[in-house]
Amino acid sequence: MAFVEQLISNLLYGAILGSVYGLATMGLSLIFGVLRIVNVGHGAFIMVGAFIAYWMFILYGIPPLISLFLAIAVGMAIGLAIYMLVVKRLVDAPELASLLAMFAIGIFIEEFAKQIWGADYVGYSWEIGGVSMLFTEVPFTKLLAFASSIVIAAVVYVWFRKTKIGKAVRAVVEDREGATTCGIDVSRIYALSFSLGIGLTVLSGVLVTLFTPVGINVYMGGEYTLKAFVIAVLGGLASPWGAFYAGFIFGLIENGSYTLLGLIPGVEPFGLTRFLSSVVLMLVLLVKPTGLLGGE
Amino acid sequence: MLLKLEEVTKRFGGLVAVNSVSLEIDEGEKVGIVGPNGSGKTTLYNVISGVYAPDGGRIFFEGKEITNLPAHERTKLGIARTFQVPRPFGSATVRENVAIGAMFGRANAGVDEALEMADRYLEMVGIYELREKEAKLLTPLEKKLMELARALAMKPKLLLLDELLAGMNPQDINRILDLINKVKEEENIATIAMVEHLMHAITKFAERVVVMHQGSKLIEGPTMEVLNHPKVVEVYLGEKLKIG
Amino acid sequence: MRNYTPLVTLLLIYAVMIAIGQGIQGMWQPIMLVIFYIAVGQALNIFLGMTGYVNFGYVALLGVGAYGMAVALGYYTDLGLIPALTLGFILAILLAFIVSMVVGGIALRLRGAYFAIATIGVNEGIKYLILGGKIWGGSSGIVLSGILRKAYGAETMRFLSTVFADAGLIVVAILSGVITMYILNSRLGYGLIALREDEDAAKVMGINVRRYKQIAFVISCILAGLIGATAWTLKLTYVFPQDVFAINYTVEAIVIVMLGGAGTLLGPVVGGLIYALLKYYLTIAFPGMQLLILAPLLIIVILLFPEGVVGYLAKAARGTRFEKFVR
């Protein structure tokens, strides 16, 4: 019975973490959907968010939920700067150019961060108690991360559906040329979407810290880049909503398989889980490149 | 019989782009396919050249079924085409572009032979002096001529021309039509030319015309007969005037 | 016409480098570093440069090649030196072949960006398979120095890790160049250029694009495996998963190819030279900041000089008597 209890509590944890995964992937999908640019440096922006949460907490005692606002502002500013300096010139360039440029930008951010923050693993702990449910003690911090993810995703959803500019973004995703002829300023939509995409990614980095007590490091992003691509691909790559739902599924798969792999003697389940992520990534792309959940 | 389509259908979502079209082309024949934008002509070409597999119907080439054959294998059998919007291999030179046609088309030439063939066909279409230029630097007209040379260098049995003459002046049109007629006679290539407008040019070129309308074959027959048919006049009210 | 004369330039550069390395005190190690980077660039160029597809998992092929050699020398030491070495090269090639057939077989069905995304997890995936499955020593890696010294003697071991390893790498580097030149002059090369420029049009021109991409991918990967076997396992006499799957080698290889000129013969040579020298002096001047400087450099090259140094030179040389020496 202990195993079943462990599996259930791990799945619960997976669902909670999955919400953050989903949020952390929405920016990637938004940028791909609108600009058709693959942000291969995605994880670096999550790292930036994680450090914002860390420093705000350590230096000023500001809880991560408040840092979310700072994170999205900083993220959008960084996103806009990158768009203006680099991405703008690459929207219509061959894919090779934008792939390599985003890759280089990710590395630059990591290396720049290393110069100012060092290469050590750091962490903080925000203790506000917890609640007992489904054979395990769930800290309030994780429940707050779960709730915040859903609220933020909902806000973005409403913004897309109800505001004029949100509708314009959707029009560009669906039909770039059509949108131009309808009088939509496509380059403005690009700038906004890229900026918002990076903003959401940095923001999600803040929530990620609630799950990695001592895992904040300038190279932490690589792991999330891989996970985000698995999730984005599951969700259809171009659909932020597909990504958000796929985040849950990935969280469940990851934590479920971790528990099951732990039953095999002589292996290290954490490593094998990450091996499985890359296998899943490839297989999903092979079977259904448009995503298992369809996409919009 | 060189090419035979049996009730070929191609859908995109709910839209039926090509609706149960049957068509037969003989060796060395000259056929025109006429139809307004959106009538399914380009889709028909894509289905013949293997860009898409049809959703229904069968395609035969020289009596052999090719319905599900990949595009590159159809090319080897002797199908070549040009594109409505030219698609040069941009960073390669004009000569290399044409040589690629000679290497991978039915001609199946080795590298040296292909480069020699490229020179010959470039001379033929009249852009030999541009052969060392990067293809992306050509003007739209030059790109079309290069595509024609590339398609001819493949030594096809069936040549599919997609709006080749659009945007050319009457002088160029006459020159290109003479050229195609000449090569066609020498090498016995069946040629299908697809046009949206330019009914005048089609009368000079095609022995037989197929008119497409909303994905279906509206009518087919000897050129002058078809173009004066009341049904065609009805669809092409504006075009009729251009013939005179 | 087919033109193999750029090989003259290539071999001349190698001759000069080897002469400098042998003739000037203390220059051999820097020269070998340059040759390592040239080789890494050449092997990647055969795929990335000629097809325009980005293989983010590139380093994994160096890694499995390194493991192939290490497994042969470490676990089959008793076969004797020559058989074990031969087995090492065979395993390096075989592992690289298997990985490239599996990854290529799946991922090359995908176009452009989707391919790149599929390869993102390859190096991490294999690394974590070794770590998580505790294969080939898991995180402890394979350490050969003790085994080799005991089995074949200190003298032989030193010969293996110096002269033999260096000579092996030079052979692989030159071989990569010769293969590149051969491809550029062959139908394969023309087919690859066509599919790089417009894959759909290439198909209609009669090119079996899947097969051509796969061939380029497998060649590139096997050469990478041989580099891993010589420059890492033989030279360093140890293999650790954390080292041989490190993403920075992929970055370095991409920078070298782009800097020198993708799809050219001499591009990776020039790129490797510039890169290795830059890295060497940057490491002295700004320790630990190489990537910080290289990343913006890559962006600048992509934005302003997408053809790279050799691409630019080849254009400038067009119509001059140097034309046939640059490609």
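Distances between placed amide hydrogens fall under 5 Å for B:I219 paired with B:V211, all partners being 5 or more residues away or on another chain. Dipole check for the protein assembly as shown: with +1 at the C-beta of Lys and Arg, -1 at the C-beta of Asp and Glu, and the Cα centre as origin, the magnitude is about 320 Debye.
Peptide C:45-54 has a mean of 2 when you count, residue by residue, the C-beta atoms of other protein chains within 10 Å of its C-beta.
How many percent of Cα pairs in the range A:86-226 exceed 20 Å? The answer is 63 percent, as a whole percent. Grab the other residues whose beta carbon is less than 14 angstrom from that of A:F194, score K and R as +1, D and E as -1, and report the net. Once all neighbours under 14 Å are counted, the net charge is +4.
Globularity index of chain A is 0.99 (Cα radius of gyration / 2.2 N^0.38 Å, N = number of residues). Counting every alpha-carbon pair across the range A:1-60, the share separated by more than 12 Å comes to 76%. Averaged over peptide B:82-94, the number of partner chain Cβ atoms lying within 10 Å of each residue's Cβ comes to 3. Volume of the convex hull of the range C:6-325 (Cα atoms only), normalised per residue: 144 Å³.
Loop-located GluC sites (Glu not before Pro) in the range A:51-146 (DSSP state other than H, G, I, E, B) with a sparse environment of at most 15 neighbouring Cβ atoms within 10 Å: A:E127.
Could you tell me how many degrees, from 0 to 90 and to the nearest 10, lie between the Cα long axis of helix A:64-85 and the main elongation axis, the longest principal axis, of the Cα atoms of chain A? Helix A:64-85 and the main axis of chain A meet at about 40 degrees. In the protein assembly as shown, the ratio of gyration radius to Kirkwood radius, Rg to Rh, stands at 1.01 when only Cα atoms are counted. Both chains summed, the buried accessible area for C and A stands near 3600 Å², from protein heavy atoms and a 1.4 Å probe. Legend: P(r) of the range C:203-273 from all alpha carbon pair distances, 5 Å bins from 0, whole percents, reading 3, 13, 15, 22, 20, 14, 8, 3, 2, 1.
For the protein assembly as shown, what does the helix formula give at 222 nm: sum of -39500 (n - 2.57) over DSSP H segments with n ≥ 4, over the residue count, nearest 500 deg cm²/dmol?
After summing the helix terms and dividing by the residues of the protein assembly as shown, the value is -20500 deg cm²/dmol.
Give me the inter-chain shielding for C:279-290: mean count of other chain Cβ atoms within 10 Å, whole number please.
1
Pairs from the list B:K64/B:K157; B:K41/B:K76; B:K182/B:K204 with a Cα-Cα gap above 18 Å: B:K41/B:K76. The separation of the range B:179-221 from the range C:272-302, counted between C-alpha centres, amounts to 60 Å. Can you work out the PRE-style zone for C:L175? Point 7 Å along Cα to Cβ, and I want the residues of the range C:21-40 with backbone N under 18 Å. Of the residues in the range C:21-40, C:35-40 have backbone N under 18 Å from the label point off C:L175.
Distant-in-sequence amide contacts of B:R11, defined by a placed amide H-H separation under 5 Å and a gap of 5 or more residues or a different chain, comprise B:A17, B:D55. Rounded to the nearest 20 debye, the dipole size of the range B:59-176 about its Cα centre is 260 debye, using +1 on the Cβ of Lys and Arg and -1 on the Cβ of Asp and Glu. Axis angle, to the nearest 10 degrees, between helix A:164-174 and the longest C-alpha principal axis of chain A: 90 degrees. Its alpha carbons considered, the range B:88-155 gives a radius of gyration followed by a Dmax of 10.2, 29 Å.
The values are calculated or read from the model by the stated rules, or taken from the named source; none is laboratory data. Since we're looking at a predicted model, the values are computed, not measured. Quick reminder, even Gly has a Cβ in these numbers, built from the backbone with ideal geometry, and neighbours come from all protein chains shown. Accessible surface areas use protein heavy atoms only, side chains included; no ligands, DNA or RNA. Shrake-Rupley method; radii C 1.70, N 1.55, O 1.52, S 1.80 Å.
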